[in-house]
Amino acid sequence: MTTWLQFLLTGTWILTFALILIFFIRSLIRGVFGSVAVYSLWIIPVIVCCVTFFAPRVAGPRILTHGPIEVEEPKLSTAEPEMLALVLVCWTVGFLVSAIFLSLRQRNFKLEIGETIQIGSIGNVPMFISASVTTPMACGIIKKRIILPESFEELFTTEIRQLVMEHELVHLQRNDPLANLVASIVSSLFWFHPLVYWAKSRFRADQEISCDEIVLRSAPHQRRIYGEALLSVCHLENSFAMGWLGPKTQVKQRIKALTSRPKSKVVRMLGIGVATVIATLAGVTAYQSLPSDPPKQLNAAANASLLGSMSIDELGQNLLYAIQNNDYALTRTLLSLGAPIEVAQTGIGTPLILAAKQGNKELVELLIERDANVNAGVLTAGSPLIMAAKYDHPEIAQILIEHGSDVNAHVFFDETPLINAARFGHMDMVERLVESGAEVNKSVTTFSVTHLPLGTKSPLSEAARVGHQEIVSLLESLEN
């Protein structure tokens with residue numbers, strides 16, 4: 001159940017970003033490349049949904065560890081299973097209601113068309129007359145057909161009748177009824193998402209406008225009377241989504257689009273290319289955003305042969321894992337196999353940052369011996385000396401300083417070693433850093449909840465804020 005919910009949440013966020021992207025670039029793409037390119041953008045939500053729900057998950061790294069492997073299963077509170085079950089029930093009910101509504105709408109659509117009489121064909125598509133419809137329409141995914149109202153010849157001139165039938169033919173040639181079905185499925189899956197309803201109406205509008213653009217390429221001189229024909233029949237009742245008139249709210253958009261200057265073939269093809277690139281990038285980004293499988297833990301003794309087949313990335317992940325578990329033997333093995341000693345992860349840091357944080361002298365000395373950077377800084381993970389100062393490992397700090405660690409180095413979000421030692425009340429560490437040349441008056445600009453968005457911090461201000469009076473007195477005396 002948690003996996004299902006994870007994929008639904010991931011799909012919701014990815015779809016949200018895809019729709020926001022379309023919202024911001026839609027007008028730009030239409031102005032530069034035309035309406036067909038805009039309609040092509042609507043493949044993006046379909047791609048990201050397919051990637052989210054059907055693409056294979058990214059395999060987690062193979063992690064080797066010495067000794068028995070203990071995997072702690074996640075424990076849910078008594079309330080969490082009930083909440084997950086409630087979410088599943090709510091989504092299922094919403095999906096079923098949406099699906100039933102769409103099924104009934106399709107059933108009513110067939111009933112309202114009533115009896116039809118075939119009158120001919122355009123291309124390979126048969127045309128029918130119905131007394132129940134008020135505007136021409138295209139329908140059918142497998143058995144494609146065009147249905148015309150009985151008053152078709154009375155409503156339109158010969159020239160407009162030809163353009164209208166070509167418009168419906170374009171719908172069928174592009175498989176727009178299938179596209180509408182896919183859009184309905186997506187809207188049913190994400191029935192709770194308000195942007196989906198906005199997107200569906202814009203998708204339909206872009207569908208009609210792009211059809212108008214294609215049809216009028218061969219008859220540019222008919223644009224005005226085509227628009228007048230739209231206006232002349234917009235008063236008719238039309239309950240069919242695929243009718244030539246479409247929803248009345250779209251008529252104004254379609255007439256406005258008719259005033260746009262036609263694009264050349266080169267520009268149109270370039271627009272399709274741009275839309276394809278954007279859709280591809282969206283799909284790749286969606287795939288990279290998917291949650292990967294958890295790391296696969298393997299016993300190092302039983303699976304030593306795997307080390308030679310591991311990629312650099314996997315060796316780096318194993319190195320961080322080995323240091324996190326204070327596994328000296330595995331760390332040496334990984335380094336000898338070429339594991340990247342400067343591999344870094346936001347929030348975790350480099351191997352040396354992690355070893356310094358844990359106060360493991362053997363690992364720190366091993367990494368320095370292998371030329372690890374003693375001044376490497378990683379966002380939200382600090383530097384080796386910052387971590388040694390923050391977690392009060394004076395012996396580690398001394399080793400780092402002796403090997404060239406900068407006592408005044410500043411890492412954004414993590415400040416300096418002295419600020420960290422003062423904040424956490426490590427008196428001996430403060431004295432050691434000051435003796436090694438740390439600047440007691442050094443202030444840094446960093447993120448601060450009390451000074452949004454940025455604030456200034458110093459060793460004295462942090463010690464005073466937390467209430468370490470002994471350190472405050474020391475720093476004040478050194479300032480003087």
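Every number in this text was worked out from the coordinates using simple rules, so none of it is lab data. For clarity, every value in this text was computed on a predicted model and none was experimentally measured. Note: ideal-geometry Cβ built from the backbone for every residue, glycine included; neighbour counts use all protein chains shown.
One table, with the values for the structure above:
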| read-out | value |
| --- | --- |
| Solvent-free Debye scattering, log10 I(q)/I(0), computed from the Cα coordinates of the range 341-479 at q = 0.15, 0.17, 0.20 Å⁻¹ | -0.66, -0.84, -1.12 |
| Gain in span if fully extended, Phe17 to Val266, counting 0.36 nm per residue against the direct Cα distance | 86.7 nm |
| Residues Ile25, Ile255, Ile323, sorted so that the one with the fewest Cβ neighbours within 10 Å comes first | Ile25, Ile255, Ile323 |
| In the range 128-217, the trypsin sites (Lys or Arg not before Pro) that fall in loop regions by DSSP, at most 10 other Cβ within 10 Å | Lys143 |
| Computed magnitude of the charge dipole of the range 341-479 (debye, nearest 20; Cβ of K, R +1, Cβ of D, E -1) | 480 |
| Of the trypsin sites (Lys or Arg not before Pro) in the range 344-451, those whose Cβ has at most 16 other Cβ within 10 Å and which sit in DSSP loop | Arg370, Lys442 |
